[in-house]
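Report on one structure; see the data block that follows.
The values are calculated or read from the model by the stated rules, or taken from the named source; none is laboratory data. Bear in mind the structure is a predicted one, so any value in this text is a computation, not a measurement. Neighbour counts are summed over all protein chains in view; Cβ atoms, including those assigned to glycine, are modelled from backbone coordinates with ideal geometry.
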Amino acid sequence: MKTTIICLLLTVATTSRAQLTANRWHVFGKASGGLMDSTNFYNIGASAEYLFRGGLALTYNLEYQKRGDFHHLHGSMGSLVGPLLIISGIVFDAAYNPFGFTNGLSLSRWTTIGGILIAILPDGISYHFPINYHWDFAPYANVVGVDYIWSKKWNYREWKYAASLGGKLTYWNFNGLTVNTFLEARKVASTAWGIGAGLGIGYAFAPISDSNKVKLPTIR
């Protein structure tokens, strides 16, 4: 009887850390819909969160949105601008220094380094409140985003600032699988605030050095 009680206590003590916030990365695909500028929109994409121990997380998003006759490609300013700087730096360095004889860091190489640093900038932040072992709620603010918007019908192409504010409720299973639902307000420069809701399915990756497995004592 004592052994059984000890096993149960150890199981609870170990799994109490086994929440979404005990993981390091959370990635998920998502789909949503809503209303913006009196026009319905449909959105599909992928998101990633880098989770810190205290509950704070950095968020990254890559999304495609269809809004009437307009198409949106959304990402963080870093994820879209960073690769352009990296590629331009490499191209210019190859063109003006094809044999790599330049000593030190040229302007083109600084451009590449700057692009790498900018590329890791997040779209925004979120803060996770574990409800219990399986459920987690996180308000989020994505305020460093940009949309590339185009429409063949209106012969329109432009980059615009974009942001979203919302809350996400996530169910996390001990095998790492997650299901979430979210409600958010979305904003693109020169448009009114829109409202949308959606669902996501993903996976949470634990730190390599950490283990969430339950270890039971040896019964002798």
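Going residue by residue through the stretch 57-68, is there one that turns out to be modelled with pLDDT of 95 or more, farther than 21 Å from residue 143 by Cβ and not in a helix (DSSP H, G or I)?
Yes, some residue in the stretch 57-68 is modelled with pLDDT of 95 or more, farther than 21 Å from residue 143 by Cβ and not in a helix (DSSP H, G or I).
Find all pairs meeting these conditions: Cβ atoms under 6 angstrom apart; at least six residues apart or on different chains; first residue within the stretch 55-66 and farther than 11 Å from residue 32 by Cβ and touching a residue at least 60 places away in the same chain (Cβ under 8 Å); second residue surrounded by 15 or more Cβ atoms within 10 Å (Cβ to Cβ) and among the β-branched types (Val, Ile, Thr).
From residues that are farther than 11 Å from residue 32 by Cβ and touching a residue at least 60 places away in the same chain (Cβ under 8 Å), the pairs are 55/21.
Does residue 197 meet the test of being modelled with pLDDT of 95 or more, farther than 14 Å from residue 30 by Cβ and either in contact with a helix residue (DSSP H, G or I) (Cβ under 7 Å, 6 or more places away or on another chain) or of a type outside the set (Asp, Glu) (or both)?
It is false that residue 197 is modelled with pLDDT of 95 or more, farther than 14 Å from residue 30 by Cβ and either in contact with a helix residue (DSSP H, G or I) (Cβ under 7 Å, 6 or more places away or on another chain) or of a type outside the set (Asp, Glu) (or both).
List the pairs whose first member sits in the stretch 27-43 and is more than 15 Å from residue 178 (Cα to Cα) and in contact (Cβ under 8 Å) with a residue 24 or more places away in the chain, whose second member is surrounded by fewer than 20 Cβ atoms within 10 Å (Cβ to Cβ) and of a type in the set (Val, Ile, Thr), and whose Cβ atoms are under 7 Å apart, counting only residues at least 6 apart or on separate chains?
Pairs found: 34/195; 35/195; 36/191; 37/191.
Sort out for me the strands (runs of 3 or more DSSP E) sitting completely within the stretch 117-196 that have 1 or more residues that are within 18 Å of residue 64 (Cβ to Cβ).
135-151, 156-172, 177-188
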